[in-house]
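Just below is one structure, and these are the notes that go with it.
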Amino acid sequence: MPFGHDMVYSLATVVELINTAAGDHDALVDIDDLRAFVRKRRVSGVDAVTVRDLAEVRTLRTDFHDVFTAPDQIAAVTRLNKLLGRTSITPRLAEHDGFALHIHYFAPGASLAEHLAADCGVALAHVLVENEWERLRRCRAPDCEHVFVDESRNRSRVYCDSRTCGNRMHVAAYRARRRPERDQGKKRPAVG
């Protein structure tokens with residue numbers, strides 16, 4: 001995809017945020033979890049994290065998930081517009097923490113949820129504007145609920161991680177193909 005590093009970083013952040021709720025495990029249960037997420041994703045301009053931030057970010061996570069799992073591009077656009085409509089956006093250039101010059105979209109003094117909604121929402125908007133909606137995907141492994149952005153050149157990625165889900169599914173498919181061969185080898189000819 002022809003996006004700069006800041007867009008790619010924001011897309012990775014929204015994917016990681018959504019995936020904190022994948023499966024039976026919720027990785028955003030308390031404020032410490034949210035602080036760890038902010039540190040890991042290097043979300044700038046966040047001084048303190050509150051219980052209110054946790055509730056707002058958890059709601060935002062659901063809203064972003066709804067964009068990723070929309071049945072079509074029109075629904076994704078509608079859902080993202082609704083999210084962005086609740087967000088104050090003030091574009092400005094920034095250079096900090098070793099990152100090259102890039103654009104922040106969150107308004108000064110924005111809450112953590114507004115910050116994430118603005119920066120990650122605009123990144124998703126660029127994906128939709130570029131008519132790349134199909135790149136917003138859910139892992140095809142039947143026991144995985146992770147989402148990802150397919151950055152492959154030919155839009156062929158189907159698993160959130162080729163080393164885990166992809167490998168597991170390929171091994172299962174291989175074993176399923178080999179099973180009939182093994183079963184035929186076990187059959188003994190009838191003795192007459």
Quiz prompt | Global form of segment 7-61, assessed from the alpha-carbon gyration tensor, a/c cut-off 1.5 | solution = oblate
Quiz prompt | Cα gyration tensor shape for segment 55-157, rounded if a/c is under 1.5, else prolate or oblate | solution = prolate
Quiz prompt | Solvent exposure of the chain as accessible area per residue, Å², 1.4 Å probe | solution = 60
Quiz prompt | Theoretical ellipticity at 222 nm over the chain - DSSP helices of four or more residues, -39500 (n - 2.57) apiece, nearest 500 | solution = -16000 deg cm²/dmol
Quiz prompt | Where a label projected 7 Å from the Cα of residue 175 along Cα→Cβ would reach, residues of segment 118-149 with amide N under 15 Å | solution = 142-143
Practice problem: Mind pulling the angle between the C-alpha long axis of helix 112-129 and the longest principal axis of the chain? Nearest 10 degrees, somewhere in 0 to 90. | Solution: 60
Practice problem: Taking the Cβ of residue 47 as the centre, find all other residues whose Cβ is under 12 Å away and add up their charges (Lys, Arg: +1; Asp, Glu: -1). | Solution: 0
Quiz item: Farthest toward the dipole's positive end in the chain, which of 50, 75, 123, given Cβ charges of +1 (Lys, Arg) and -1 (Asp, Glu) about the Cα centre?
Solution: 75
Practice problem: Post the alpha-carbon centroid distance, segment 15-40 to segment 64-130, in whole angstrom. | Solution: 18
Practice problem: On the protein heavy atoms, probe 1.4 angstrom, tell me the percent of accessible surface of the chain carried by carbon and sulfur. | Solution: 51
Exercise. Compute the acute angle (0 to 90°) between the alpha-carbon long axis of helix 5-19 and the principal axis of greatest extent of the alpha-carbon atoms of the chain; round to the nearest 10°.
Key: 60
Self-check item: Label of the coordinate-derived value, volume of the Cα convex hull per residue in Å³, listed as [x] 124; [y] 157; [z] 116
Solution: [y]
Exercise. Give me the number: length gained by fully extending residue 29 to residue 150, i.e. 0.36 nm times residue separation minus the C-alpha to C-alpha distance, one decimal in nm.
Key: 40.8 nm
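The values are calculated or read from the model by the stated rules, or taken from the named source; none is laboratory data. Just so it is clear, the model here is predicted, and its values are computed rather than measured. Heads up, the Cβs are rebuilt from the backbone with ideal geometry, glycines too, and the neighbour counts pull from every protein chain shown. Surface accessibility is based on the protein's heavy atoms, side chains included, excluding ligands, DNA and RNA. Shrake-Rupley method; radii C 1.70, N 1.55, O 1.52, S 1.80 Å.
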